[in-house]
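Let me begin by presenting the structure, written as structure tokens, before commenting on it.
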Amino acid sequence: MSRRNFLAVSGAMAGTSIISPKSKMLASTVTNLGENNRKMKIALVGTGIRGTSMWGRSLVQEYADFTEFVGLCDHNPGRLEAGKRIIGVNCPTFTNFEQMMRETKPEVLIVTTDDDTHDYFIEKGMEMGADIICEKPMAIDEKKIQRIIDAEKRTGKKCRVTFNYRYSPHRAKMWELIRSGEIGDLTSVDFHWYLDTSHGADYFRRWHRLVEKGGSLWVHKASHHFDLLNWWIESDPESVYALGDLEYYGKNGPFRADNCRSCPHTKECKFHFDITRSERLMELYVDNEKYDGYKRDGCVFKNDINIYDKMAASIKYKNGVQVSYSLTAYSPYEGYRIAFNGTKGRMDAWIQESNPTSDANYDEIVLYKNFGRREYIQIPQGSGHGGGDKLLKDQIFIPDTLDPFKQMAGIRDGSLACLVGIAARKSIVSKEPVMIKDLTSLVPQEKKIIEAYQ
Ligand SMILES: NC(=O)c1ccc[n+]([C@@H]2O[C@H](COP(=O)([O-])OP(=O)(O)OC[C@H]3O[C@@H](n4cnc5c(N)ncnc54)[C@H](O)[C@@H]3O)[C@@H](O)[C@H]2O)c1
């Protein structure tokens, strides 16, 4: 029986007890741990905030029984040394990536660099013998995605894309409820995401403000949301029609400077951000500006900002489900509203992070039955992307962790999540719907393919 057939037979429905369908890379690591008590040899490229926290210090402190760092790389030598201190390891450091791969021969490479560079590190990392764990978004345009698809075929190596949003318990509950048939057959989804004037504004301060670095929020941010949709709907996106504009940040501001520290308008600017109050941001970024000139506290009204701050899309799925999606980057609160419409009812959620008017420590889903009653389902909140970050790492690093909600994602899922955003960007320019099948060699399927390595 092929691995894929084995998994199809396993079913992996929520709540069933199956042996964890690990990736090849992780399965071999499980065996290594079981038989030789050997830890996963990890190298990491990109010692910024995500690399040092989620994939650095946390691994050293919580997953040391299963992992060991053999090398760290960053092209900013100051941030590299700061990163090593923060992570708390003693392994060699490199500003030259290929030298690190040659000398340390990691089994697994973790990629936490700027989004526009992921494709290079994934491809080269695979060619130099490693399986990959890559932060989202997997890549920012269709050519880079194709390079990764081709590299996986050529090298036989695997890449795991870390969609932590799938792992928050209330989203897993939605996945489970859709599959339970409570609302009948899913027909459409309304999904609206709100970034507030603090977190949302932060994207306009950093490298994320440039489409050539992060693919715009359509890819950098919304690939999380498109991945959730692909996972919930369990079908592939077929076409995207989109609108978008930049009408709040960037050129729209009343004044501007290069960055907050050099700004003469700090008193009147609501977006003034005093980076000197954060020891961690000073240590990682400000202390190392001399190496690359990167200012972490850039002005949100800079004229070079070329991403959208309001976006809307209509997405059609191969199984006929329609989605109305929007993303607003200057909302008074952070959160989202979602509704799943089905032939027998509807499921709603309105999630607000850190809601000052509520002391509830749960997220609520409301289930409505056509001609029937409504039911309120409350799911306790966790910390770190709703508790998702830890569950994701448990599944990757702790042997025999189950995958009942099919939360593991590889290159196919990583690609499709980005391709919806890439199609949206193209649709805004062409003013026409864009077909996903026209972007890469991936052929959208009516029933989502569970990737072979899972
Ligand atoms: N899943 C999530 O919720 C989540 C949250 C935050 C960030 N991320 C992702 O993690 C990644 C890193 O984000 P971050 O916030 O840590 O950014 P960051 O700017 O803090 O860190 C990126 C690091 O990569 C380094 N780098 C860039 N290009 C390089 C190159 N060519 N060679 C070597 N080093 C290079 C930079 O010097 C920097 O230290 C991004 O892809 C981002 O989208 C995901």
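The values are calculated or read from the model by the stated rules, or taken from the named source; none is laboratory data. None of the values given here were measured: they were computed from a predicted structure. In this analysis, Cβ positions are derived from the backbone assuming ideal geometry, glycine residues included, and neighbour counts consider all displayed protein chains. Please note that ligands, DNA and RNA were not included when accessible areas were found on the heavy atoms of the full protein model with its side chains. Shrake-Rupley method; radii C 1.70, N 1.55, O 1.52, S 1.80 Å.
Key figures for this structure:
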| quantity | calculated |
| --- | --- |
| Every pair of residues 6+ apart whose Cβ atoms lie under 9 Å, when the first sits in the stretch 135-151 and is in a loop (DSSP other than H, G, I, E, B) while the second is within 16 Å of the ligand (Cβ to nearest atom) and open to solvent by 30 Å² or more (accessible area, probe 1.4 Å) | MET138/LYS144; ALA139/ASP116; ALA139/ARG147; ILE140/ASP116; ILE140/VAL211; ILE140/GLU212; ILE140/LYS213; ASP141/ASP116 |
| Count of residues meeting criterion [open to solvent by 10 Å² or more (accessible area, probe 1.4 Å) and either within 14 Å of the ligand (Cβ to nearest atom) or not in a loop (DSSP other than H, G, I, E, B) (or both)] in the stretch 186-202 | 9 |
| Within the stretch 1-104, helices (runs of 4 or more DSSP H) holding 1 or more residues that are at pLDDT below 95 | 3-10, 24-31 |
| Any hit, the stretch 222-239, residues being at pLDDT 95 or above, under 19 Å from ILE49 (Cβ atoms) and within 16 Å of the ligand (Cβ to nearest atom) | yes |
| Residue within the stretch 253-274 that is among the polar types (S, T, N, Q), touching a His at 6+ places or on another chain (Cβ under 6 Å) and surrounded by fewer than 19 Cβ atoms within 10 Å (Cβ to Cβ) present | yes |
| Flag if ILE351 is touching an Asp or Glu at 6+ places or on another chain (Cβ under 8 Å), without any contact (Cβ under 8 Å) to a residue 40 or more places away in the chain, within 16 Å of the ligand (Cβ to nearest atom) and not polar (S, T, N, Q) | no |
| Residue among THR52, THR67 that alone is among the β-branched types (Val, Ile, Thr) and either within 15 Å of the ligand (Cβ to nearest atom) or open to solvent by 60 Å² or more (accessible area, probe 1.4 Å) (or both) | THR52 |
| Restricting the stretch 284-311 to residues that are closer than 30 Å to GLU234 by Cα and open to solvent by less than 40 Å² (accessible area, probe 1.4 Å), the residue that is nearest to the ligand (Cβ to nearest atom) | ILE307 |
| Those residues of the stretch 73-85 which are surrounded by 20 or more Cβ atoms within 10 Å (Cβ to Cβ) and more than 10 Å from the ligand (Cβ to nearest atom), in sequence order | LYS84 |
